[in-house]
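To start, the structure itself, in structure tokens.
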């Protein structure tokens, strides 16, 4: 059939019969031929080479259905979507070879012992590392950013990420849907398809995956953190499927996965890597040269932190000992934007030279707002990675370089004034312990401690080791994750570097035991814990296969009426059971029944925490105009005891309120509470107990609160909030006085 100016042939194999048929058609017709495959698993590199031998092979194209099958294209209600997508998944033979080459490279990294979800996390990690969000996505051709072409161009947008992830899943037996829709109700009601994502089926559960997660995150080059897969409530709030999508009613049909499980498995899946596309070289004004490799991104306090392995380039073009530095500046994205800017500037000059004013105006529009990129390489070389900035980071031992800040010169309004902003508190509390080690043979590596893990009764230390090695006359940076029975970060024995952590042994143990090295005895003998050795040899991945208890269903948001009903029916009590000071009991007030249903328990916890801390709480028997609920004094105080103690713990331990410590304390003391982590994040914003859950409410419902107009029954009394802040400061001063006098600290419940 002739479709979209192509004669389309659907098949699942390339054989002699097909080749003869295509060649005959080309000789007798003027249309191009598009050979249609369901996905790339039905076509090989050899098949493409056979097609290239045909006469008129330049008129032969490959169509990969993937997410753009006919049923989707035919269902589009607006011509703009039909026109946008009808050519996107049709590729030249040369493009197809590039796509298959990249897919084969990805699949070579799959471990045969991996389960379905482990393969999925590997694909997510790979795409995040190798493909960036297109820096000029607004003006890029649709076929370049909404197709598999992102595999070889290494830049795409939401639709491209979703198409590529579906392709990888389809090839590897993972049930995956490509989904289009909108991020808000307004766009959805207009029938606009402004976003794309995936839904993967694991163990019969539908898991939503959006590699770009939100527009604000993706446009700044920030992609999905695996922890985002744990937040189905947030996903449902920001993703509305198009009317023709198979799965609707997300509240009933979507599930998330426990964030802690995801992070552990993801760190194991991506433990050994080679960095080739994220390495950059720079040259300072004094002539010194250096190399930095982007090896990791982390989300800290809702901000992205990028880890770079830094090395000086010596006169003989070898590399010095590596050091890990951290920055909030994404060099990979910045330099990619600079490269694209230079390309557009060249095309602009060509258009001007040819007198094509229309084209020139288009390029000027594309370049608008990119002025900050002028001189960015100089700012990276001589500000961010200046010797002074790095020396200061080394002296502080936080290895934090800060971020490049550029603002327009107030005098001329066009040039930029550059500076480095270093948040010392941020750097101090987020540093990781590292050590650079040099072997006797002159090679060197940097060792970064990465916590501990517990598997089947075994306790091991985990490290990430980065080393530049020469392979095929090319220097590349390798990352190996190693596991030891004893902490080696401060073990300075010569045998640790030259024997225990030799390059050959690291490579060998990566294959034999998944990176388990045992420990180095006092006598300098490499020794292994038999049980740990067995666990790693049998396959560490087997111990982290997905189980039913890691799934998290959608949790309906409680209305104020729901919360009032909860506190009227249930008591939330914390008591000392002799073992756990903060033991919890939720009791039905009418029947005295102790509640064991986790769903009810979560709803009760949230109701009490929210209503007690939102800034408008009052006790039973109090009648305040405009307020329509009340609850028991004892239960209210028990909630405040938990939250106040989180702040008290920080004061007692450090003499001040440290947000990160308060954060960890909240998570620990409210560990079974669904919203504990979100509340803890809110606590980072404000140390006032009054604002903790008000901040949280805004995070969860940003569009539903208008501070200009009071909302019933929620009323924010700004004067009362100010008075309560003062009360908290008085409490803090009193606690500090007690600490200074060396008296026992006794928490006083926060009263209003």
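Using the Cβ-Cβ distance between residue 374 and residue 503 with R0 = 35 Å, the FRET efficiency computed as 1/(1 + (r/R0)^6) comes to roughly 0.25.
Measuring r between the beta carbons of residue 486 and residue 394 and using R0 = 35 Å, the FRET efficiency lands at 0.85.
Shape verdict for region 1-109, please, from the Cα gyration tensor: rounded (a/c under 1.5), prolate (a/b greater than b/c) or oblate. Because a/c hits 1.5 or more and a/b fails to exceed b/c, region 1-109 counts as oblate.
Packing around the peptides 116-124, 372-380, 354-362, taken as the average count of other Cβ atoms within 10 Å per residue, puts them in this order, highest first: 116-124, 372-380, 354-362.
Entry note, region 1-135: relative contact order of 20 percent, from Cα contacts under 8 Å with a spacing of 6+ residues. Quick one: if the Förster radius is 41 Å, what FRET efficiency do residue 284 and residue 107 give, using the C-beta to C-beta distance and rounding to 0.05? Between residue 284 and residue 107 the formula returns 0.50.
Annotation: peptides 87-96, 151-160, 587-596, 101-110, ranked by per-residue average of other Cβ atoms within 10 Å with the highest first, follow the order 151-160, 87-96, 101-110, 587-596. Under the simplified labelling scheme, the residue 317-residue 5 pair shows an inter-label distance of 4.7 nm, with each label point 7 Å from Cα along Cα→Cβ. Neighbour counting of Cβ atoms within 10 Å sorts the residues 467, 129, fewest neighbours leading, into 129, 467. Between residue 472 and residue 175, the modelled label-to-label distance comes to 4.0 nm, taking each label 7 Å out from Cα in the direction of the beta carbon.
In terms of the Cα gyration tensor, with a ≥ b ≥ c the square roots of its eigenvalues, is region 426-531 rounded because a/c is under 1.5, prolate because a/b exceeds b/c, or oblate? Rounded shape, in that the Cα axes give a/c under 1.5.
Annotation: the residues 183, 169, sorted from fewest to most other C-beta atoms within 10 Å of their own C-beta, follow the order 183, 169. Looking at the square roots a ≥ b ≥ c of the eigenvalues of the Cα gyration tensor of region 115-191, which shape do they give, rounded for a/c under 1.5, prolate if a/b is larger than b/c, or oblate? Oblate is the answer for region 115-191, as a/c is 1.5 or above yet b/c matches or exceeds a/b.
Packing-based ranking of 143-150, 235-242 yields 143-150, 235-242, ordered from highest to lowest mean Cβ neighbour count within 10 Å.
Of 338, 50, the sequence from fewest to most neighbouring Cβ atoms within 10 angstrom is 50, 338. Inter-label distance, residue 276 to residue 263: 3.2 nm, where each label sits 7 Å from its Cα along the C-beta direction.
Once the Cα-Cα distance is subtracted from the 0.36 nm per residue extended length, the residue 433 to residue 142 segment shows a gain of 100.3 nm.
All of the numbers you see were taken from the coordinates with simple rules; none came from a lab. Treat the numbers as computed from the prediction; the structure is a model and nothing was measured. Cβ: placed from backbone, ideal geometry, glycine included. Neighbour counts: every protein chain shown.
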